[in-house]
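In what follows, a single structure is set out as structure tokens and then discussed.
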Amino acid sequence: MIDGPVLDLDEMTPAWLSERLGEAGRDAVVSGVEWTQIGTGQIGRCYRATLEFSSRDPETPASLVVKLASVDPTSRATGVALRNYLREVRFYQHLTTTLSIRVPRCYYAAIEGEGPEFTLLLEDMSPAEQGDQLAGTTAAVAEVAVLELVGLHAPSWDRESLYEYEWLYHRPEIGADDSGALYNQHLPGFLDRYGPTLTAEQRQIIARYGELLGQEPAGYSGRRALVHIDYRLDNLLIDSSGPTPAVTVVDWQSITVGSPLGDVAYFLGAGLLPEHRRPIEEGIVRKYYDALQAAGVEDYTWSQCWDDYRLGTFAGFGVTVIASMIVERTERGDAMFTAMAQRHSQHALDHEADRLF
């Protein structure tokens with residue numbers, strides 16, 4: 001059995017793919033493979049493998065998805081420094097069986113050290129389609145996506161054993177204070193690049209957050225769970241073929257332990273235009289809270305949940321400001337970071353989140 005990453009598509013031969021399927025209990029012999037690049041990831045790159053078979057059991061998938069590191073040196077260095085590659089591989093190796101959130105089945109996961117050399121071979125969720133961060137989504141998809149988070153948060157709620165997974169956290173030398181310094185280090189460049197697209201109030205709250213970093217917000221309940229961190233439409237595969245939408249969650253490169261409502265607020269703030277978000281967000285958050293209670297989360301009041309959600313409106317600030325300045329710059333990336341800056345800052349303004357510090 002191969003236990004290391006495969007770095008080139010040419011090495012993922014029909015024989016190699018047959019072995020991976022066999023290890024997963026499938027009785028199939030792959031005779032050919034056609035690769036197509038998919039997705040728009042900036043830290044990693046994904047390809048769809050369309051398979052041909054000389055023999056195949058009915059349960060064997062006709063296609064798979066492979067994920068590798070970006071070819072861009074800056075993005076690769078970022079992926080290693082922030083442990084993005086390590087976290088995603090370890091997530092599939094160690095955590096998926098403890099959660100009920102819908103994720104692709106993993107057929108192979110390997111990494112060399114902390115990367116950038118890694119390989120993930122995943123279930124192809126077609127006909128589900130990647131969400132579009134720029135276009136936004138509907139209220140129906142937004143509700144389904146937020147409720148799917150219960151399958152991540154509830155099983156890991158205040159779970160002390162999570163602290164045993166050292167890879168869930170930043171490198172020891174990158175602590176909270178350093179993260180704040182990183183935000184403030186990149187803030188001038190961010191505002192120079194994206195500030196002209198923002199209102200004065202939006203620029204002010206983005207700068208204000210830099211001043212608040214390192215302070216313990218008085219309004220935070222202190223509850224913690226596994227959090228995706230980058231839970232947005234581009235990282236969801238949406239299947240609209242049934243009577244209700246279904247979502248599968250991908251891109252687990254930033255998973256860590258933190259405030260669960262950060263994921264909820266991050267998604268609603270980034271995925272909906274403010275005028276579409278405002279009338280529906282409290283109802284969706286209430287349904288999420290009720291589902292947490294039904295899943296066994298105790299000693300957590302609605303008031304605490306709502307304040308955590310308000311604080312969670314800041315969750316997208318770090319991703320927006322820091323990531324936009326340290327990954328490869330692209331036209332779509334600029335459009336995405338502009339939309340995120342506008343929507344997240346307005347979300348925090350709407351909820352007066354800075355008053356909870």
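Consider segment 30-67 and keep the residues that are free of Cβ contacts under 8 Å to residues at least 40 places away in the same chain and touching a Gly at 6+ places or on another chain (Cβ under 6 Å). The one that is nearest to residue 130 (Cα to Cα) is 46.
Taken over segment 274-295, the criterion of being closer than 21 Å to residue 132 by Cα, open to solvent by 50 Å² or more (accessible area, probe 1.4 Å) and in a helix (DSSP H, G or I) is satisfied by 275, 276. Every test in (1) of a type in the set (A, V, I, L, M, F, W, C); (2) open to solvent by less than 20 Å² (accessible area, probe 1.4 Å); (3) touching a residue at least 60 places away in the same chain (Cβ under 8 Å); (4) touching an Asp or Glu at 6+ places or on another chain (Cβ under 8 Å) is passed by residue 7 save one, and that test is (2). Here residue 325 clears all of (1) part of a loop (DSSP other than H, G, I, E, B); (2) in contact with a helix residue (DSSP H, G or I) (Cβ under 8 Å, 6 or more places away or on another chain); (3) at pLDDT below 95 except the condition numbered (1). The listed residues are 195, 222, and the only one of them that is in a helix (DSSP H, G or I), surrounded by fewer than 22 Cβ atoms within 10 Å (Cβ to Cβ) and over 15 Å from the mean Cα position of the chain (by Cα) turns out to be 195.
Could you say which residue among 156, 179 is under 17 Å from the mean Cα position of the chain (by Cα) and either of a type in the set (Ser, Thr, Tyr) or modelled with pLDDT under 90 (or both)? 156 is the lone residue from the list that is under 17 Å from the mean Cα position of the chain (by Cα) and either of a type in the set (Ser, Thr, Tyr) or modelled with pLDDT under 90 (or both). For segment 248-273, a residue qualifies if it is in a helix (DSSP H, G or I) and in contact with an Asp or Glu (Cβ under 7 Å, 6 or more places away or on another chain), and the qualifying residues are 261, 268. Of everything in segment 43-54 that is under 16 Å from residue 13 (Cα atoms) and not charged (D, E, K, R), the residue that is surrounded by the fewest Cβ atoms within 10 Å (Cβ to Cβ) is 54.
Across segment 315-335, the number of residues qualifying as within 17 Å of residue 229 (Cα to Cα) and open to solvent by less than 10 Å² (accessible area, probe 1.4 Å) comes to 5. The set of residues in segment 114-140 that are outside any strand (DSSP E or B), of a type outside the set (A, V, I, L, M, F, W, C), in contact with a Leu (Cβ under 8 Å, 6 or more places away or on another chain) and over 19 Å from residue 72 (Cβ atoms) comprises 124, 131, 132, 133, 136, 137. Can you find a residue in segment 68-90 that is among the β-branched types (Val, Ile, Thr), free of Cβ contacts under 8 Å to residues at least 24 places away in the same chain, loosely packed, with under 13 Cβ neighbours inside 10 Å and touching a strand residue (DSSP E or B) at 6+ places or on another chain (Cβ under 8 Å)? Checking segment 68-90: not a single residue is among the β-branched types (Val, Ile, Thr), free of Cβ contacts under 8 Å to residues at least 24 places away in the same chain, loosely packed, with under 13 Cβ neighbours inside 10 Å and touching a strand residue (DSSP E or B) at 6+ places or on another chain (Cβ under 8 Å). Could you say whether any residue in segment 229-243 is open to solvent by 20 Å² or more (accessible area, probe 1.4 Å), of a type in the set (Asp, Glu) and within 18 Å of residue 100 (Cβ to Cβ)? Looking for residues that are open to solvent by 20 Å² or more (accessible area, probe 1.4 Å), of a type in the set (Asp, Glu) and within 18 Å of residue 100 (Cβ to Cβ), one finds at least one in segment 229-243, hence yes. The lone criterion from (1) over 28 Å from residue 221 (Cβ atoms); (2) charged (D, E, K, R); (3) touching a strand residue (DSSP E or B) at 6+ places or on another chain (Cβ under 9 Å) left unmet by residue 114 is number (3).
Counting residues in segment 35-49 that are outside any strand (DSSP E or B), among the polar types (S, T, N, Q) and farther than 17 Å from residue 107 by Cα gives one or more.
The values are calculated or read from the model by the stated rules, or taken from the named source; none is laboratory data. Values in this document were obtained by computation on a predicted structure and should not be read as measured data. In this analysis, Cβ positions are derived from the backbone assuming ideal geometry, glycine residues included, and neighbour counts consider all displayed protein chains. We work out accessible area using only protein heavy atoms, side chains counted, and drop any ligands, DNA or RNA first. Shrake-Rupley method; radii C 1.70, N 1.55, O 1.52, S 1.80 Å.
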